[in-house]
Amino acid sequence: MQKLTKDSVHPKIVQALLGADSHITIDDALENEMILNMGPQHPATHGVLRLLLRLDGETVIACVPELGYLHRGYEKMAENMSYLEFIPHTDRLDYISPPANNVAYALAVEKLAGITAPPRAQYIRMLLAELARMCSHLVAIGALAMDVGALTVFLWGLREREKILDFFDVICGARFTTSYTRIGGVASDVTSDTMKNIIAFIDQFEEKFDEMERLLNGNRIFVERLEGVGVISKEDAIDIGFTGPNLRASGVEFDLRRATPYLFYNEMDFKIPTYTEGDCLARYFVRADELRESAKIVRQIIDKIPNGEVMLNSPKKVLPRKTEIYTKMEELIHDFMIVNFGINPPVGEVYSAVENPKGELGFYIVSKGEGHPWKMKIRSPSFANIQAIPHLVKGQMISDVVAIVGSIDPIMGEADK
Amino acid sequence: MIYDFFANLFGSDVIASFISGALPVVFIALFTLFAVWLERKVSAHMQDRLGPMRVGWHGWLQTFADILKLIQKEDITASDTDKKLFNIAPVLTFMGSYAAFAAIPFSSAYVGSGIDLGILYIVAVSGLVVAGILMAGWASNNKYSLYGAVRSAAQVISYEIPTVIVILTVVVVIGSLNLTKITEFQTSRFWDWMIFGGSIAGIKKLILLPFMVIGFVILYISSLAETNRTPFDIPEAESELVGGYHTEYSGIKFTMFFLSEYANMFAVSAVASALFFGGYHSPFGYFGNLIGLSWLVPIEQFFWFTIKGAFFVFVQMWLRWTLPRLRVDQLMTLCWKYLIPIAFVNFLIVALIMVL
């Protein structure tokens, strides 16, 4: 395979920019085109996304996104560590909603190992995943508002997110890098006090979110900045591989929670917000509606959550409790084997995907029956969603580029993996 | 009067003119210190934060600390910049905002220069700021700076048109371009202010009232654009152009831009209050006149003038932390398709009322 060097990549980018369809140019343009390098250090590119823009005045003629500034080689690293050891690394994928990634990964490994977590653990996972979705959408909406210039909404969003992070702190012991799920369950139980607090938070959240929405929806400048900007059709959205809120904003009612129910989502009553416009405003509306739906789901989860164990009793696959390890011989042996040699799932391959806040997060794992995966591929939603940026920004203005990137809501942690 | 006071005190015209010329600088410096602190506090309280709390009571000395830090910072000049223009630009920008203060009557006792073309002079000299910004954008040799500068030039020049038309509307009613005369026309009773139709007797005042309100709104919107404040802060839109025209500036030169922005904010607020809200006049008589101390009146006037200016500056901040920013084409649409025609029709109607 040809080795990629810096010198060989750069001409490729220039080639892509120049070779791009440039029919928007005025024929007698007085050589007024220029190439603007937006990012990786730029306040509006959500991390380290680099966009090369070919501009005619303020109008974007072509755009090439360049990824890889946050590449940490997680897929390769996964091949050299046991299934349990990889859990903390899933936090660093979509770092705005770590518990959702934990859940996605745990479900994939459990599917591979052929085990199922107890019902209470599954409910807790759902609870955490929905709280993470709220977290993520609050940041997404806030960042979108910030990109078009309304900073206040961003901070109001962070204020609400802070309260959710406090719950993560109580439940998982960490605000941000939760590493909460275990193979076969979750690390610790959620107390009834915490659940009461979560309900209290949801009660006040709806009111606070109404306040945020009033500041945006009633604002003509905000609506005009987003309406009709970055439109993507249903067909293009599917072709590019859009998933999540971005796809639903283009009129495709596709949600993995409904399409391939996992955990107990089939028992939950929730709507899938779908808009048909496919512009930035529709993507914002989908997220706002999903926030409310998530709040509704959290209520139902806390209503329905059963009592019981939060870890599966399956000695060969699931880590035993520490109290038992220190008192019983069998458990000590199992602990030693699992920690040192891994859970050794059967030979085979598995693809398991969940509906993450950003879209479909899938783990494709190939096992050779060893303690570590032979190959792991992470299908991250942001990576697929970023593909749409060149398509969306063509013919728009610089100010629209930041609005479009904000409405796509890419997280470079998972796009670069 | 201040000039005469110092001339008598020191017996030298040179010293007296120097001191009375330096007074606005002191005022700008003090006001900027206050306004930056206010900006941070206003934004903080709107966003459920506390803002600066550590340096002094509720952080009121924070700006001093910041300015000290900025002055101590290394003055970086990138290697590919046009050195001469790069160094002139901040000074020119600051000069433009500072020179505008010369014709602003702070009180009946202090106006830098009571020239008869006062308000026109302010508009003209504020235009120098654009030259400084363009210079900064060009000399920085940075694409983002250039974009910011070009956007700023287009914006400021476009929005000067509605501003001037509204100013003409007021001038048609009062019959003078001299800001002191404009202020004196609006007496120290708030119902005589231009926003309420001015000190004109009879039915004309009532007919003028709605058109004056329209005029004020247009003037205020344009003044936001001229000072590059949200929702018209596209020249320095931090989420698009990083820092706009001052991306490459640091240290004391950045401070100059910073000072200039806040000085400009006060200048346009002062013009708005002088044209429509009675300038330095108190809304309800003077305490000094009441108790027979006539020397108290100018001080009261200065107080009212600062309060009015600070209030409009506060409204600017309020808008900044509430509204998103417009796109370039929307900005131009607003100016050319809405503000200018409305301002022009408004002007014609007011002129017609005055003729009748």
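Residue check, B:TYR280 against (1) surrounded by 22 or more Cβ atoms within 10 Å (Cβ to Cβ); (2) in a helix (DSSP H, G or I), all met but one. Which one?
Checking B:TYR280 against (1) surrounded by 22 or more Cβ atoms within 10 Å (Cβ to Cβ); (2) in a helix (DSSP H, G or I), the one that fails is (2).
Kindly provide the set of residues from segment B:39-51 that are more than 11 Å from chain A (Cβ to nearest Cβ) and touching a Lys or Arg at 6+ places or on another chain (Cβ under 6 Å), ordered by number. So that I can check it myself, show each step before the final result.
Filtering segment B:39-51 down to residues more than 11 Å from chain A (Cβ to nearest Cβ) leaves B:39-41, B:50-51.
If the condition is that a residue be more than 11 Å from chain A (Cβ to nearest Cβ) and touching a Lys or Arg at 6+ places or on another chain (Cβ under 6 Å), then B:GLY51 is the only one that fits.
Go through (1) of a type in the set (A, V, I, L, M); (2) in contact with a helix residue (DSSP H, G or I) (Cβ under 8 Å, 6 or more places away or on another chain); (3) not in a helix (DSSP H, G or I) for B:LEU70 and report which single condition fails.
Single failed check for B:LEU70: (3).
Run B:VAL166 past the list (1) crowded, with 24+ Cβ neighbours inside 10 Å; (2) closer than 20 Å to B:VAL91 by Cα and report the number of the one that doesn't hold.
(2)
Starting from segment A:155-177, keep only residues that are on the phi < 0 side of the Ramachandran plot and in contact (Cβ under 8 Å) with a residue 40 or more places away in the chain, then list their pairs with residues that are of a type in the set (Ser, Thr, Tyr) and surrounded by 15 or more Cβ atoms within 10 Å (Cβ to Cβ) whose Cβ atoms are within a distance under 6 Å, requiring at least 6 positions of separation or different chains.
Final answer for the pair search is A:PHE168/A:THR178; A:CYS172/A:THR178; A:CYS172/A:TYR180.
Just checking, does segment B:284-297 include any residue being within 24 Å of B:ILE214 (Cβ to Cβ) and surrounded by 16 or more Cβ atoms within 10 Å (Cβ to Cβ)? Full working, then the answer.
So in segment B:284-297, the residues within 24 Å of B:ILE214 (Cβ to Cβ) come out as none.
No.
Among the candidates A:THR323, A:THR327, A:THR274, A:THR260, single out the residue that is farther than 18 Å from A:THR116 by Cα and in the same structural domain as A:LYS196 (by TED's automatic domain parsing).
Details: A:THR323 fails: in the same structural domain as A:LYS196 (by TED's automatic domain parsing); A:THR327 fails: in the same structural domain as A:LYS196 (by TED's automatic domain parsing); A:THR260 fails: farther than 18 Å from A:THR116 by Cα.
Checking each option against the conditions leaves just A:THR274.
Is segment A:21-44 home to any residue that is at pLDDT 65 or above and away from chain B (no Cβ under 14 Å)? Write out each step before concluding.
Taking segment A:21-44 first, the residues at pLDDT 65 or above are A:32-44.
Filter again for away from chain B (no Cβ under 14 Å), leaving none.
Among the residues of segment A:21-44, not one is at pLDDT 65 or above and away from chain B (no Cβ under 14 Å), which makes the answer no.
Could you list, in sequence order, the residues of segment A:77-124 that are within 24 Å of A:ALA140 (Cα to Cα), in a loop (DSSP other than H, G, I, E, B), in contact with a strand residue (DSSP E or B) (Cβ under 9 Å, 6 or more places away or on another chain) and of a type outside the set (D, E, K, R)?
Hits for segment A:77-124 are A:LEU93, A:SER97.
Note down all Cβ pairs under 7 Å where the first residue falls in segment B:52-68 and is touching a residue at least 24 places away in the same chain (Cβ under 8 Å), the second is outside any helix (DSSP H, G or I), and they're at least six residues apart or on different chains.
Close Cβ pairs (under 7 Å, with a partner that is outside any helix (DSSP H, G or I)) amount to B:GLN62/B:PRO52; B:GLN62/B:VAL55.
Within segment A:131-183, restricting attention to residues that are basic (Lys, Arg) and within 14 Å of chain B (Cβ to nearest Cβ), which residue is nearest to A:LEU291 (Cα to Cα)? So that I can check it myself, show each step before the final result.
Kept after step one, since they are basic (Lys, Arg), are these residues of segment A:131-183: A:133, A:159, A:161, A:163, A:175, A:182.
Now restrict to residues that are within 14 Å of chain B (Cβ to nearest Cβ): A:159, A:161, A:163.
On the way: A:ARG159: 15, A:ARG161: 12, A:LYS163: 15 Å.
Checked segment A:131-183; the qualifying residue nearest to A:LEU291 (Cα to Cα) is A:ARG161.
Filtering segment A:45-62 down to residues that are crowded, with 22+ Cβ neighbours inside 10 Å, touching a strand residue (DSSP E or B) at 6+ places or on another chain (Cβ under 9 Å) and outside any strand (DSSP E or B), which residue is nearest to the other protein chains (Cβ to nearest Cβ)?
Only one residue tops the list, namely A:THR45.
Just a yes or no: is a residue in segment B:239-247 under 30 Å from B:LYS181 (Cα atoms) and surrounded by fewer than 24 Cβ atoms within 10 Å (Cβ to Cβ)? Even if it seems obvious, please write down each step before you answer.
Filtering segment B:239-247 down to residues under 30 Å from B:LYS181 (Cα atoms) leaves none.
Looking through segment B:239-247, none of the residues is under 30 Å from B:LYS181 (Cα atoms) and surrounded by fewer than 24 Cβ atoms within 10 Å (Cβ to Cβ).
Kindly indicate the residue of segment A:63-111 that is over 14 Å from A:VAL354 (Cβ atoms) and among the charged types (D, E, K, R) and also surrounded by the most Cβ atoms within 10 Å (Cβ to Cβ) among those meeting that condition.
Start the filter on segment A:63-111 by keeping residues that are over 14 Å from A:VAL354 (Cβ atoms), which leaves A:63-89, A:91-92, A:95-96.
Still in the list and also among the charged types (D, E, K, R): A:66, A:72, A:75-76, A:79, A:85, A:91-92.
Values: A:GLU66: 18, A:ARG72: 13, A:GLU75: 15, A:LYS76: 11, A:GLU79: 15, A:GLU85: 15, A:ASP91: 21, A:ARG92: 16.
Only one residue fits best here, namely A:ASP91.
When you scan segment B:197-276 for helices (runs of 4 or more DSSP H) that lie fully inside it, which ones turn up with 2 or more residues that are within 14 Å of chain A (Cβ to nearest Cβ) and over 22 Å from the mean Cα position of the chain (by Cα)?
Details: elements: B:203-226, B:238-241, B:251-276.
Where helices (runs of 4 or more DSSP H) fall fully within segment B:197-276 and carry at least 2 residues being within 14 Å of chain A (Cβ to nearest Cβ) and over 22 Å from the mean Cα position of the chain (by Cα), they are B:238-241.
So that you can scan it fast, the table gives a plain yes or no per residue for (1) surrounded by 20 or more Cβ atoms within 10 Å (Cβ to Cβ); (2) touching a Leu at 6+ places or on another chain (Cβ under 6 Å); (3) at pLDDT below 90; (4) not assigned by TED's automatic domain parsing to the domain that holds A:ALA113:
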site	(1), (2), (3), (4)
A:SER136	yes, no, no, no
A:ALA143	yes, no, yes, no
A:ALA150	yes, no, yes, no
A:TRP156	yes, no, yes, no
A:CYS172	yes, no, yes, no
A:THR178	yes, no, yes, no
A:GLY184	yes, yes, yes, no
A:SER188	no, no, yes, no
A:THR191	no, no, yes, no
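Looking only at segment A:324-367, filter to residues that are among the aromatic types (Phe, Trp, Tyr) and either touching a residue at least 12 places away in the same chain (Cβ under 8 Å) or within 30 Å of A:VAL139 (Cβ to Cβ) (or both); which one of those is surrounded by the fewest Cβ atoms within 10 Å (Cβ to Cβ)? Break it down into steps so the answer makes sense when it comes.
First, pick out the residues of segment A:324-367 that are among the aromatic types (Phe, Trp, Tyr): A:326, A:336, A:341, A:351, A:363-364.
Those still in the list that are either touching a residue at least 12 places away in the same chain (Cβ under 8 Å) or within 30 Å of A:VAL139 (Cβ to Cβ) (or both) too: A:341, A:351, A:363-364.
Details: A:PHE341: 12, A:TYR351: 14, A:PHE363: 28, A:TYR364: 17.
Taking the candidates together, the pick is A:PHE341.
Is it the case that segment A:202-210 has a residue that's β-branched (Val, Ile, Thr) and either without any contact (Cβ under 8 Å) to a residue 24 or more places away in the chain or not in a helix (DSSP H, G or I) (or both)? Before you say what the answer is, go through the steps one by one.
Narrowing segment A:202-210 to residues β-branched (Val, Ile, Thr): A:202.
Cutting the leftovers down to either without any contact (Cβ under 8 Å) to a residue 24 or more places away in the chain or not in a helix (DSSP H, G or I) (or both) gives us none.
For segment A:202-210, residues β-branched (Val, Ile, Thr) and either without any contact (Cβ under 8 Å) to a residue 24 or more places away in the chain or not in a helix (DSSP H, G or I) (or both): absent.
Could you tell me whether segment B:306-320 includes any residue that is within 14 Å of another protein chain (Cβ to nearest Cβ) and of a type in the set (Ser, Thr, Tyr)? Walk me through how you get there before you give the answer.
Within segment B:306-320, the first condition is being within 14 Å of another protein chain (Cβ to nearest Cβ), and the residues that meet it are B:317-320.
Narrowing further to those that are of a type in the set (Ser, Thr, Tyr): none.
Checking segment B:306-320: not a single residue is within 14 Å of another protein chain (Cβ to nearest Cβ) and of a type in the set (Ser, Thr, Tyr).
Considering only segment A:275-323, state which residues are touching a helix residue (DSSP H, G or I) at 6+ places or on another chain (Cβ under 6 Å), surrounded by fewer than 17 Cβ atoms within 10 Å (Cβ to Cβ) and more than 18 Å from A:ARG125 (Cα to Cα).
Correct list: A:PRO315 only.
When you go through (1) under 20 Å from the mean Cα position of the chain (by Cα); (2) within 22 Å of B:GLY278 (Cα to Cα); (3) assigned to a helix (DSSP H, G or I) one by one for B:ALA131, which number turns out not to apply?
It fails just one condition, (2).
When you scan segment B:335-355, do you find a residue that is within 14 Å of chain A (Cβ to nearest Cβ) and out of contact with any strand residue (DSSP E or B) (no Cβ under 7 Å at 6 or more places or on another chain), even just one?
Residues of segment B:335-355 within 14 Å of chain A (Cβ to nearest Cβ): B:337-338.
Still in the list and also out of contact with any strand residue (DSSP E or B) (no Cβ under 7 Å at 6 or more places or on another chain): B:337-338.
Checked segment B:335-355: at least one residue is within 14 Å of chain A (Cβ to nearest Cβ) and out of contact with any strand residue (DSSP E or B) (no Cβ under 7 Å at 6 or more places or on another chain).
Among the listed residues A:SER399, A:SER382, which satisfies the condition of being in contact with a Pro (Cβ under 6 Å, 6 or more places away or on another chain) and not basic (Lys, Arg)? Walk me through it before giving the result.
Values: A:SER399 fails: in contact with a Pro (Cβ under 6 Å, 6 or more places away or on another chain).
After ruling out the rest, the residue left standing is A:SER382.
From A:ILE378, A:ILE408, which residue is surrounded by fewer than 24 Cβ atoms within 10 Å (Cβ to Cβ) and more than 14 Å from chain B (Cβ to nearest Cβ)?
Values: A:ILE408 fails: surrounded by fewer than 24 Cβ atoms within 10 Å (Cβ to Cβ).
Testing whether each residue is surrounded by fewer than 24 Cβ atoms within 10 Å (Cβ to Cβ) and more than 14 Å from chain B (Cβ to nearest Cβ) leaves just A:ILE378.
So which residues in segment A:252-270 are exposed (fewer than 13 other Cβ atoms within 10 Å of the Cβ) and of a type in the set (D, E, K, R), if there are any at all?
A:GLU253, A:GLU267, A:ASP269
The values are calculated or read from the model by the stated rules, or taken from the named source; none is laboratory data. Note that the structure is a prediction, hence the values are computed from the model and not measured. Every residue, glycine as well, gets a Cβ built from its backbone with ideal geometry; the counts of neighbours run over all protein chains shown.
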